[in-house]
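The block underneath contains the structure these notes are about, expressed in structure tokens.
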Amino acid sequence: MSLILLVEDDPTIHRAVRDNLRFERHDVLSATDGETGYRLATEKKPDVMILDVMLPKMTGFEVCRKLRAEGFMTPIIMLTARGEEGDRVLGLDLGADDYVTKPCSIKELLARVRAQLRRAGAAEAMPKEVRFDDIAIDFLRYEAIRDGKPVDMTRKEFGLLRLLAAKSGEVVKRDDLLVEVWGYDTSTSTRTVDNHVLTLRTKLEKNPAEPQRLVTVHGVGYKLVL
């Protein structure tokens, strides 16, 4: 049985989501403001956090930013009435793992919770660290070191590299990377994976223009060569 933290101040939505989570046999912690949600997240360590953006006392963006800065690794699903692309991008950049726009189907939200739980379970079998050249990556601490100096990497970059490391030497399709790291529907047309790989190359490759570690397999995806 999983522990879900629901932080939502709309009583109707809160009750509907809470009751459906319980129907699926999850334990549910509830909060209706950002400060309480932040406290429960740090004290109770839930398996998944559903976090509304527009909250009293502390916004969902502020809660997410503060938790990630403190090393909080629980998957966060942002829940908001806003539909603007900029808000979605901001939430993901702050460390959210998924983003659902209200009004949304309760079934869809529950499916996204299940997907995050599966992803978190699969992460247990993932490598805890990887080393190559002068690079040392600690996936549990989200720390990257190159030639003795820290490398600034986002959660998604760590997630992408960890999945490639788990399948070292094997080609991982773009669609699989999108599903496993971003939770995207594979029908989505996006350059997200390509852009993240390009950024990782600038941070980790000796010569980003001629990558030897993060290798493109044209028309298919990418592989990490160790």
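Values quoted throughout were computed directly from the atomic coordinates according to the rules given, and no laboratory measurement underlies them. Just so we're clear, the structure is a prediction, and the values are computed from it rather than from any experiment. All Cβ positions, even for glycine, are placed from backbone atoms using ideal geometry, and neighbour counts span all protein chains on display.
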Answer in debye to the nearest 20: the dipole magnitude of segment 3-123 about its Cα centre, from +1 Lys/Arg and -1 Asp/Glu charges placed on Cβ, is 400
Put in order of increasing Cβ neighbours within 10 Å, starting from the fewest, V113, V171 give V171, V113
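Averaging sequence separations of C-alpha pairs under 8 Å and six or more residues apart, then dividing by the length of the chain, give the relative contact order as a whole percent.
Taking the mean separation of contacting Cα pairs over the length of the chain, I get 12 percent.
Length gain on complete extension for the stretch L226 to T12, per 0.36 nm per residue less the alpha carbon to alpha carbon distance? Write down the numbers at each step before the final one.
Values: separation 214, 0.36 × 214 = 77.04 nm, distance 5.15 nm.
Residue separation times 0.36 nm, minus the Cα-Cα distance, leaves 71.9 nm.
Would you mind telling me the antiparallel percentage of the DSSP bridges in the chain, rounded to 5?
On the way: 16 of 33 bridges.
The answer is about 50 percent antiparallel.
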Helix 60-69: inclination vs the chain longest Cα principal axis, degrees, rounded to 10, gives 40
The simple spin-label model distance between D176 and K44, using points 7 Å out along Cα→Cβ, in nm, is 3.7
So for R0 = 22 Å, FRET eff. of R146-N195 from the Cβ-Cβ r, to 0.05, ends up at 0.60
Sorted by chain and then number, the residues having a modelled amide H within less than 5 Å of the amide H of K102, at least 5 places away or on another chain, are T80, A81, R82
Karplus-derived 3J(HN,Hα) from phi for segment 156-165 (6.51 cos²θ - 1.76 cosθ + 1.60, θ = phi - 60°), whole Hz, x at Gly and Pro, runs 5, 5, 4, x, 4, 5, 5, 5, 5, 5
Longest principal axis of the chain (C-alpha) makes with the long axis of helix 34-44 (C-alpha) an angle, in degrees to the nearest 10, of 70
A correct Karplus calculation of ³J(HN,Hα) over segment 170-176, with 6.51 cos²θ - 1.76 cosθ + 1.60, θ = phi - 60°, whole Hz and x for Gly and Pro, returns 9, 7, 10, 5, 4, 4, 5
